[in-house]
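Colleague: Take a look at this one; I'll ask things after.
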Amino acid sequence: MDRSTYWLRAAWNDFLAFLPDLLWGLAILVVGYFIARLLASIARPILHRVGFDRLVDRLGISVRADRTEQGSRWGASIVFWVTMLIVAMYAADAWRLGAVAAGIAAIIAYLPHVLAAAVIFGAALLFANWVRARMLETGGPIVPGEAEATHSQRPLVAGAIRAGILALGAFMALRELQIAEEIVTLAFSLTLGAIALAAALAFGLGSRDVAGRVTRRWYEERLGKRAGAGMGADDETHIITPP
């Protein structure tokens, strides 16, 4: 009985000693929650005013059913959860959970890399869409008799260039995330080589008839010039030579 009473008394004393830390951690969570809600409510109209919703719409990643404020809602949610991560780290530290606090701190330290990767891929997606739109809107000079081939190949070429830009942006984003950099570099080299080979085959097979006609026209023009030069030389010889 004395031993049981001793352990119960020790547990009660430990609980009483931990009670201020427990209450302090709960207070941090409650106050931090309201601060996170406040920051999210402030960030949403600011993002909408600076045009973040239009940017998300131009990237083509917004939900079509509610595309007017999708970007600002996503941004507000990110602000809320990042703030709650910081609050959880301080609460875990108040509860003397050092391993949990260190893990959350590592996650928070990794967030700038995630943000930079998102910015890199978003810029690549925006640039790829802009290049594809410009290529589909404007075309080069069309050779007579080759308009159908040119128009049929233009979407293919625009899509291939867009895919190449997106692949470059994706691999740059993965490198920023520090995920197996050697494997990412090797995969990027292989992907870039595959895109170049596919583009060369597409251009070669698709433009085979056009290249044949251009070469044939150039060859016929060269033959015509040589024939004209030969006829002129015969005429001069015929005039100079006495009867």
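The values are calculated or read from the model by the stated rules, or taken from the named source; none is laboratory data. On a predicted model such as this, the values are computed, not experimentally measured, just so you know. Neighbour counts are summed over all protein chains in view; Cβ atoms, including those assigned to glycine, are modelled from backbone coordinates with ideal geometry. What goes into the accessible areas is simple: the full protein's heavy atoms, side chains included, and nothing from ligands, DNA or RNA. Shrake-Rupley method; radii C 1.70, N 1.55, O 1.52, S 1.80 Å.
Colleague: Criterion first (over 35 Å from the mean Cα position of the chain (by Cα) and among the charged types (D, E, K, R)) does residue 21 satisfy it?
Modeller: yes
Colleague: Okay, moving on. For a quick check of your reading of the model, give me the residue pairs whose first member lies in region 24-41 and is more than 11 Å from residue 88 (Cα to Cα), whose second is surrounded by fewer than 13 Cβ atoms within 10 Å (Cβ to Cβ), with beta-carbon atoms closer than 6 Å and at least 6 apart or on different chains.
Modeller: Qualifying pairs under 6 Å: none.
Colleague: Within region 26-43, which residues are open to solvent by 50 Å² or more (accessible area, probe 1.4 Å) and under 24 Å from residue 71 (Cα atoms)?
Modeller: Correct list: 33, 34, 35, 37, 38, 39, 41, 42.
Colleague: Additional query: Considering only residues that are of a type in the set (S, T, N, Q) and exposed (fewer than 14 other Cβ atoms within 10 Å of the Cβ), look in region 55-89 and name the one that is modelled with the lowest pLDDT.
Modeller: 68
Colleague: Continuing with the same structure: Which residues, taken from region 119-132, are among the small types (Gly, Ala, Ser) and either more than 8 Å from the chain's Cα centre (by Cα) or modelled with pLDDT of 90 or more (or both)?
Modeller: 128
Listed here are the residues, each with its yes/no results for (1) open to solvent by less than 60 Å² (accessible area, probe 1.4 Å); (2) on the phi > 0 side of the Ramachandran plot; (3) not charged (D, E, K, R).
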site: 53; (1), (2), (3): yes, no, no
site: 94; (1), (2), (3): yes, no, yes
site: 110; (1), (2), (3): no, no, yes
site: 124; (1), (2), (3): yes, no, yes
